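Data first, discussion second: the structure below is written as structure tokens.
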Amino acid sequence: MYRPAGSTSGASPVDCATCSHGPTWRYGDRVGDWAAVVLAGGAARRMGGVDKPGVPVGGRSMRDRVLDAVADADVRIVVGPAGPVPPGVRSTRELPPGGGPVAAAAAGVSLLPAGTTAVALLAADLPLLTRDAVHLLREHLADPAVDGVCLVDGDGRRQQLCGMWRVAPLRAALGRLAAARGGSLDGAAVRALLAGLTVRDVPWSGTGPPPWFDCDTDEDVRRAEEWTR
């Protein structure tokens with residue numbers, strides 16, 4: 001059964017500026033204490049059941065490339081099957097094992113230290129994710145009018161597991177969804193989790209390959225490899 005931990009309030013933005021990505025809201029010299037939860041479960045059925053996050057792209061596993069993109073987070077947590085993780089990274093498992101991304105998100109959020117105001121929820125199969133893309137999400141999350149932000153692809157489709165969230169409303173949403181499902185988040189849909197949250201879709205206008213690109217097939221991995229050359 002999911003039991004949400006206590007929540008904390010976010011910091012208040014102090015000024016507004018304009019950059020190449022549009023308006024940004026700054027929390028003084030940083031956007032609060034933030035964490036990253038990397039979701040590394042899943043059966044990878046379309047890739048023959050391999051350890052998809054461990055598949056290398058550009059000489060590094062997809063999971064480690066995502067962790068590199070959030071290297072300046074105060075806390076980094078990998079949720080998935082047991083295995084080696086880089087120094088300083090925590091690991092845990094969703095309940096039940098294989099329970100899906102919402103159950104994994106709940107497991108990761110439950111480990112956040114008190115005072116964490118924002119958390120990136122990221123699939124582990126985003127080998128093209130960059131620190132610049134994560135920084136863009138952090139900038140947009142500083143707008144107090146939103147609960148979370150997600151990158152969108154070139155066709156405007158929201159990449160639900162490539163986003164950043166205020167911890168308090170995310171915890172509340174996890175609690176509501178668990179209560180509506182009799183206490184279990186096993187198999188819950190990400191769309192259902194986000195239904196009650198105010199979400200901003202953020203297009204990527206930076207240089208380089210699309211940071212939201214996820215690898216669900218062997219062909220996707222080959223494309224990602226080409227982009228990293």
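The values are calculated or read from the model by the stated rules, or taken from the named source; none is laboratory data. Fair warning: this is a prediction, and the values are worked out from it, not measured in the lab. Heads up, the Cβs are rebuilt from the backbone with ideal geometry, glycines too, and the neighbour counts pull from every protein chain shown. What goes into the accessible areas is simple: the full protein's heavy atoms, side chains included, and nothing from ligands, DNA or RNA. Shrake-Rupley method; radii C 1.70, N 1.55, O 1.52, S 1.80 Å.
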Select from the range 200-211 the residues that are at pLDDT 95 or above and out of contact with any helix residue (DSSP H, G or I) (no Cβ under 8 Å at 6 or more places or on another chain) and write down the one among them that is most open to solvent (accessible area, probe 1.4 Å). PRO203
Report the residue count in the range 63-94 for those that are of a type outside the set (D, E, K, R), without any contact (Cβ under 8 Å) to a residue 24 or more places away in the chain and surrounded by 16 or more Cβ atoms within 10 Å (Cβ to Cβ). 4
Do we find that ASP216 is in contact with a Leu (Cβ under 9 Å, 6 or more places away or on another chain), touching a residue at least 24 places away in the same chain (Cβ under 8 Å) and open to solvent by 30 Å² or more (accessible area, probe 1.4 Å) in this structure? no
So in the range 167-199, with the set limited to residues that are without any contact (Cβ under 8 Å) to a residue 24 or more places away in the chain and assigned to a helix (DSSP H, G or I), which one is most open to solvent (accessible area, probe 1.4 Å)? ARG176
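Considering only residues of the range 61-80 that are assigned to a strand (DSSP E or B) and over 12 Å from the mean Cα position of the chain (by Cα), which is farthest from LEU111 (Cα to Cα)?
The residue in question is SER61.
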If I filter the range 109-123 for residues that are part of a loop (DSSP other than H, G, I, E, B), touching a helix residue (DSSP H, G or I) at 6+ places or on another chain (Cβ under 7 Å) and open to solvent by less than 20 Å² (accessible area, probe 1.4 Å), do I get at least one hit? yes
In the range 140-165, what count of residues is obtained for those that are assigned to a strand (DSSP E or B), open to solvent by 10 Å² or more (accessible area, probe 1.4 Å) and in contact with a helix residue (DSSP H, G or I) (Cβ under 7 Å, 6 or more places away or on another chain)? 2
For the range 99-108, give me the residue count where each residue is touching a residue at least 60 places away in the same chain (Cβ under 8 Å), open to solvent by 10 Å² or more (accessible area, probe 1.4 Å) and touching a strand residue (DSSP E or B) at 6+ places or on another chain (Cβ under 7 Å). 1
